[in-house]
Amino acid sequence: MLALARKRLSDWHWLAFFAAVLAAWGLLYAMQPPAGLAAGAALHHPHSLPPGVAGYPVVFAMWALMTAAMMAPTFVPALATYDDLAGSGAASRGGFFQLVAGYVLIWLGFAALAAGAQIALSSATMLTPLGQSSSNWLTAGLLVGAGGYQFSALKERCLSQCMQPFAFFMRHWRQTRWNALGMGLRLGALCLGCCWALMLLAFVGGTMNLLWMGLATLFMVLEKLPDVSRFVVRPLGVALIIAGLAVASGAWI
């Protein structure tokens, strides 16, 4: 991805894309609450308050930034393929931003649902103020569920299309004004089908945990690389299931 980034940085639309990704990571870093945050100082860091106190808009903004920062890097191969088609005259540069917009809209929908889930789980005292599970059963269920999903037919179908962006574009290409937006929505839905269960592991690692975000992003990028995917998808599923069962066994004791 770094080689691709260097190659594309001469194009302003790629500069804008990578700048937006870096800005999302920067804002997430800025939102990190200071260690030992005092109750009075929490007013200056509303994201560190319980979600029910901070409010839905704050929690949604955090999830929107998180999905942008984590999922945009996984979209680079598809964007690069579209950009090559645009360079050959088969597509317009404006379609690049339509594609991004459609993809982002799908993940904003996920962020809206995830923010609601965080507030509900926090109200049920199953999450800490920083969005990390405080229930062994919730942790075990999320880990085993995400691990099992790695073996599902739906995951395999979505991932197979994500790994073949050229074939996807050839299948869905239409000479219409908003076709790129529609393809972006389709690609966003496919990506969501690949990654939603892994994204929900934010409730295990903590929704404000940058280390978890970085590791999850790395795994989701590797999953979509055809030469690497088979070494990641199912082994990761096995590891998550084992981890979930280990947590559950501790809850039983």
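The table for this structure:
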{"item": "Net +/- balance of residues flanking Met170 in space, Cβ distance below 14 Å, scoring K and R +1, D and E -1", "result": "+2"}
{"item": "Sorted by Cβ neighbour density within 10 Å, fewest at the top, the residues Glu223, Glu156", "result": "Glu156, Glu223"}
{"item": "Trypsin sites (Lys or Arg not before Pro) restricted to DSSP loop in region 165-210 with at most 10 other C-beta within 10 Å", "result": "Arg174"}
{"item": "Residue exposure sequence - Cys162, Cys195 - by fewest surrounding Cβ within 10 Å", "result": "Cys162, Cys195"}
{"item": "Of Gln98, Ser152, Trp178, farthest towards positive along the dipole that unit charges on Lys, Arg, Asp, Glu beta carbons give region 64-223", "result": "Trp178"}
{"item": "Residue order, fewest to most beta carbons within 10 Å, for Phe97, Phe110, Phe75, Phe166", "result": "Phe166, Phe97, Phe110, Phe75"}
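We did not get these values from a lab; they are worked out from the coordinates using the rules stated. Quantities reported herein were computed from a predicted structural model and do not represent experimental measurements. Backbone-built Cβ (ideal geometry, glycine too); neighbour counts: all protein chains shown.
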